[in-house]
Amino acid sequence: TYVVIENCIKCKYMDCVEVCPVDCFYEGENMLVIHPDECIDCGVCEPECPAEAIKPDTERGLEKWLELNGAMAKAW
Ligand code: SF4
(Lines give C-alpha, C1' and ligand atoms only; values in the text may rest on other atoms or scores of the structure.)
Protein backbone atom coordinates (compact mmCIF):
# COMPACT_ATOMS: atom_id res chain seq x y z
CA THR A 1 0.00 0.00 0.00
CA TYR A 2 0.96 3.63 -0.30
CA VAL A 3 0.95 5.92 2.73
CA VAL A 4 0.30 9.64 3.23
CA ILE A 5 2.83 11.32 5.52
CA GLU A 6 3.08 14.61 7.41
CA ASN A 7 3.81 16.76 4.32
CA CYS A 8 0.10 16.43 3.57
CA ILE A 9 -1.02 18.29 6.69
CA LYS A 10 -2.90 21.42 5.61
CA CYS A 11 -1.77 20.90 2.01
CA LYS A 12 -5.21 20.27 0.62
CA TYR A 13 -4.22 19.75 -2.97
CA MET A 14 -6.49 17.03 -4.23
CA ASP A 15 -4.51 15.90 -7.27
CA CYS A 16 -3.96 12.47 -5.74
CA VAL A 17 -7.66 11.91 -5.15
CA GLU A 18 -8.42 12.67 -8.78
CA VAL A 19 -5.99 10.13 -10.19
CA CYS A 20 -6.61 7.20 -7.82
CA PRO A 21 -8.37 4.49 -9.85
CA VAL A 22 -9.97 2.88 -6.79
CA ASP A 23 -10.94 6.00 -4.80
CA CYS A 24 -9.13 4.92 -1.68
CA PHE A 25 -8.27 8.37 -0.35
CA TYR A 26 -10.21 9.51 2.70
CA GLU A 27 -10.29 12.74 4.69
CA GLY A 28 -8.44 12.39 7.97
CA GLU A 29 -8.50 15.00 10.73
CA ASN A 30 -6.06 17.40 9.08
CA MET A 31 -4.77 15.43 6.12
CA LEU A 32 -5.80 12.92 3.52
CA VAL A 33 -5.12 9.24 4.16
CA ILE A 34 -4.99 6.09 2.04
CA HIS A 35 -7.03 3.03 3.00
CA PRO A 36 -4.39 0.29 3.22
CA ASP A 37 -6.83 -2.50 2.31
CA GLU A 38 -8.18 -0.68 -0.74
CA CYS A 39 -4.96 0.67 -2.27
CA ILE A 40 -3.88 -1.51 -5.19
CA ASP A 41 -0.30 -0.21 -5.19
CA CYS A 42 -0.56 1.25 -8.68
CA GLY A 43 1.68 4.18 -7.75
CA VAL A 44 0.03 6.80 -9.96
CA CYS A 45 -0.68 9.13 -7.02
CA GLU A 46 2.92 9.47 -5.85
CA PRO A 47 4.21 11.75 -8.64
CA GLU A 48 0.95 13.76 -8.63
CA CYS A 49 1.39 14.99 -5.06
CA PRO A 50 2.86 18.53 -5.07
CA ALA A 51 3.85 18.15 -1.40
CA GLU A 52 5.68 14.83 -1.87
CA ALA A 53 3.49 13.43 0.87
CA ILE A 54 2.82 10.01 -0.64
CA LYS A 55 5.26 7.15 -0.13
CA PRO A 56 5.23 3.39 -0.69
CA ASP A 57 5.08 1.57 2.65
CA THR A 58 8.22 -0.30 1.64
CA GLU A 59 10.19 2.83 2.57
CA ARG A 60 11.81 2.66 5.98
CA GLY A 61 10.39 4.36 9.04
CA LEU A 62 6.79 4.79 7.90
CA GLU A 63 5.20 2.39 10.41
CA LYS A 64 3.62 5.21 12.41
CA TRP A 65 2.10 6.77 9.30
CA LEU A 66 0.87 3.46 7.98
CA GLU A 67 -0.95 2.86 11.25
CA LEU A 68 -2.41 6.37 11.21
CA ASN A 69 -3.60 6.08 7.58
CA GLY A 70 -5.30 2.79 8.42
CA ALA A 71 -6.94 4.11 11.58
CA MET A 72 -8.31 7.27 9.96
CA ALA A 73 -9.43 5.57 6.74
CA LYS A 74 -11.23 2.78 8.58
CA ALA A 75 -12.99 5.28 10.86
CA TRP A 76 -15.15 6.18 7.83
FE1 SF4 B 1 -4.75 4.95 -5.23
FE2 SF4 B 1 -2.83 3.80 -6.70
FE3 SF4 B 1 -2.20 5.73 -4.97
FE4 SF4 B 1 -2.96 3.34 -4.06
S5 SF4 B 1 -1.09 3.79 -5.23
S6 SF4 B 1 -3.65 5.34 -3.29
S7 SF4 B 1 -4.49 2.76 -5.60
S8 SF4 B 1 -3.48 5.96 -6.80
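Here is how the numbers come out for the structure above:
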quantity: Computed lengthening from Glu6 to Trp76, 0.36 nm per intervening residue step minus Cα-Cα distance; calculated: 23.2 nm
quantity: Accessible carbon and sulfur surface of the chain relative to its total accessible area, %, 1.4 Å; calculated: 49
quantity: Per principal axis, descending, Cα span of the chain in whole Å; calculated: 24, 23, 23
quantity: Length-normalised contact order for the chain - Cα pairs under 8 Å, 6+ apart - percent; calculated: 43
quantity: Using θ = phi - 60° and Karplus 6.51 cos²θ - 1.76 cosθ + 1.60, couplings along the stretch 62-74 (whole Hz; Gly, Pro as x); calculated: 9, 3, 4, 6, 4, 4, 5, 4, x, 4, 6, 5, 7
quantity: Loop GluC sites (Glu not before Pro), the stretch 1-54 (other Cβ atoms within 10 Å of the site Cβ: 10 or fewer; DSSP); calculated: Glu29
quantity: Nearest-20 debye value, the chain charge dipole, Cβ charges on Lys, Arg, Asp, Glu; calculated: 220
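The values are calculated or read from the model by the stated rules, or taken from the named source; none is laboratory data. All figures in this text were calculated on a predicted structure; none of them were measured in a lab. A quick note on method: Cβ atoms are made from the backbone with ideal geometry, for glycine too, and the neighbour counts reach across all protein chains shown. Side chains included, ligands, DNA and RNA excluded: accessible areas come from the protein's heavy atoms. Shrake-Rupley method; radii C 1.70, N 1.55, O 1.52, S 1.80 Å.
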